[in-house]
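Data block below; observations after.
Coordinate-derived values only; no laboratory data. None of the values given here were measured: they were computed from a predicted structure. All Cβ positions, even for glycine, are placed from backbone atoms using ideal geometry, and neighbour counts span all protein chains on display.
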Amino acid sequence: MFRHALGRLIPPVMCLAMAREAPAAPTYQVMVSAPNRAYACAPVSVEVPTPRTVGMVRVMEVAARQPVPAQIAEEGDHVVVRWIVRDLPQGASRKYRIAVGEPSPTGLGWEAVKLDAETDPQAVEITINDELFTRYVFGGAPKPYCYPVIGPTGVPVTRAYPMETVEGETQDHPHHRSFWFTHGEVNGVDFWAEGPDRGRQVHRELLAREEGPVCGALRAVVDWMTADGKKVCEDERELRVHAVPGVRLLDFTSTIRATDGPVEFGDTKEGSFGLRVASALDVTPGHPEAHITNSEGQRDDETWGKPAAWCDYSGPIDGATVGLSVFDHPDSFRHPTYWHVRTYGLFAANPFGLRHFIGDKEGKGRFTLQPGETVTFRYRLLIHPGTAEEAKVADWYAEYADPPQVQLQ
């Protein structure tokens with residue numbers, strides 16, 4: 001099935017009929033290059049000019065004469081084509097032919113990401129190859145969150161509490177809702193904790209959603225409100241899940257805008273891009289194989305409050321080792337970020353809490369947006385089998401931080 005620009009699903013038969021009636025599909029040549037490193041599995045995209053609404057695209061690897069899974073989406077006033085480049089050696093280039101309006105072949109052996117925003121009025125369900133990955137829940141709680149989060153081994157990798165009670169799990173910090181984004185002090189309001197006198201992130205609307213054999217994505221607007229209903233700011237966030245075999249890969253982007261006056265982010269450790277990992281991964285004496293690792297080679301307790309490009313939390317769950325890595329993009333605010341990561345299961349990237357992390361007394365952690373200004377945060381969540389070393393997390397981060405060069409010819 002393909003999605004019309006207005007959101008209507010178009011049956012494949014109708015799509016083929018439309019293609020026969022339409023003029024010849026516009027075609028483009030694209031060169032993808034790897035000047036700095038090799039790429040095992042890298043999502044890529046390119047903007048293409050097109051004069052009309054489209055729902056189909058075919059991407060062909062020219063030298064191999066093989067089609068690759070691809071999808072197309074309209075974003076504002078332009079069109080973006082997406083696919084995944086695999087096994088591109090350092091120094092190599094690969095040419096692709098893009099035909100807009102031609103149907104992509106099926107049965108190429110890749111997983112597809114689908115979004116269901118109709119079944120539950122308070123959530124969007126995201127599946128990969130028809131298996132649940134996560135649900136973006138935007139109603140019934142003081143902030144949007146993702147729960148459950150299912151890893152590549154088929155088991156949940158974040159804690160169920162307080163959404164559900166699971167035997168053997170810890171039940172502290174009920175505001176640690178699986179996977180979320182917020183901050184503990186914004187204009188003096190606490191959006192991190194929960195309670196009648198705390199701030200709330202209120203979902204306003206879903207702006208767009210996308211699905212296909214390459215990725216699935218949703219964009220939403222969230223209003224940050226005080227307990228008495230005053231708006232502090234808003235953020236536009238995107239969650240994009242890539243269909244990469246063997247792992248789970250989610251890109252998160254949030255752009256916060258000062259819509260109702262200046263917005264000050266306070267210097268507190270309580271923030272910001274957070275997960276509460278499954279209790280089996282807690283780094284405690286009872287879990288000797290569970291570990292926290294970061295890009296600087298620090299481990300376990302040493303990782304708290306340290307700046308690092310990435311951080312990983314891994315260990316055995318139900319007999320199989322699995323890990324969660326969070327990557328801080330080089331373009332994200334205050335890269336490399338600091339990490340509010342605790343051995344009891346809290347795992348958060350926080351660029352603000354310098355007073356706690358390094359004992360700063362000058363207020364360098366605070367940050368203020370003037371009216372109309374924005375700040376953008378960009379992270380990637382990689383859920384992988386094995387330890388950080390076994391999964392080659394450093395290589396995954398390098399692909400994220402320095403993606404292949406894509407040139408429309």
Net charge contributed by nearby residues that have their C-beta within less than 12 Å of ASP282 (K/R +1, D/E -1): -1
For the residues LYS361, LYS143, LYS114, LYS231, what sequence is obtained by ranking on other C-beta atoms within 10 Å, fewest first? LYS361, LYS231, LYS114, LYS143
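Need the full-extension length gain, LYS230 to TYR344, defined as separation in residues times 0.36 nm minus the C-alpha distance. One decimal, nm. Intermediate values should be presented prior to the final figure.
Values: separation 114, 0.36 × 114 = 41.04 nm, distance 3.45 nm.
Gain on extension, LYS230 to TYR344, equals 37.6 nm.
Given charges of +1 on the Cβ of Lys and Arg and -1 on the Cβ of Asp and Glu, with all other atoms neutral, how large is the dipole of the chain about its Cα centre, in debye to the nearest 20?
I would put it at about 1040 debye.
Checking the a/c ratio against 1.5 first, then a/b against b/c, what shape does the Cα gyration tensor give for the chain?
On the way: a/c = 1.70, a/b = 1.44, b/c = 1.18.
Since a/c reaches 1.5 and a/b is larger than b/c, the shape of the chain is classed as prolate.
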Mean separation of Cα contacts under 8 Å, 6 or more apart, over the residue count of region 158-262: relative contact order %: 16 percent
So, relative contact order of the chain in percent, Cα under 8 Å, 6 or more apart, is 15 percent
Per the charge dipole of the chain (beta-carbon charges, Lys/Arg positive, Asp/Glu negative, Cα centre), the residue among THR374, VAL341, ALA123 reaching farthest to the positive end is THR374
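Fully extended, how many nm does the chain gain between ALA38 and ASN129 (0.36 nm per residue separation, minus their Cα-Cα distance)?
Details: separation 91, 0.36 × 91 = 32.76 nm, distance 2.73 nm.
Taking 0.36 nm per residue and subtracting the Cα distance, the gain is 30.0 nm.
Calculated from DSSP H runs of 4 or more alone, at -39500 (n - 2.57) each and per residue, what is the 222 nm mean residue ellipticity of the chain, nearest 500? Don't jump to the answer; show the numbers that get you there.
Values: 3 runs with 23 residues, N = 409.
Helix contribution divided over all residues of the chain: -1500 deg cm²/dmol.
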Projecting the Cα atoms of VAL79, ALA398, GLY274 onto the charge dipole of the chain, where Lys and Arg contribute +1 and Asp and Glu -1 at Cβ, the residue farthest towards the positive end is VAL79
So, in nm, how far is label ARG97 from label ALA394 when the simple model puts each one 7 Å beyond its Cα toward the Cβ? 4.2 nm
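Name the shape class, rounded, prolate or oblate, that the alpha-carbon gyration tensor gives for region 89-245, where a ≥ b ≥ c are the square roots of its eigenvalues, rounded holds for a/c under 1.5, and otherwise prolate holds if a/b is larger than b/c and oblate otherwise. Could you put the intermediate results ahead of the total?
Details: a/c = 2.28, a/b = 1.68, b/c = 1.36.
Because a/c hits 1.5 or more and a/b exceeds b/c, region 89-245 counts as prolate.
R0 = 41 Å: FRET efficiency of ASP301 with GLN409, Cβ-based, nearest 0.05? Please list the in-between numbers first.
Values: r = 51 Å, r/R0 = 1.25.
Rounded to the nearest 0.05, the efficiency is 0.20.
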Starting from the Cα of MET31, step 7 Å along the direction of its Cβ; do the same at GLN90; then give the gap between the two resulting points in nm. 2.1 nm
Once you list every other residue whose beta carbon is under 13 Å from the beta carbon of ARG240, what net charge do they have if Lys and Arg are +1 and Asp and Glu are -1? +2
Lysine pairs in the chain 8 or more apart or on different chains: how many have alpha carbons under 20 angstrom apart? 8
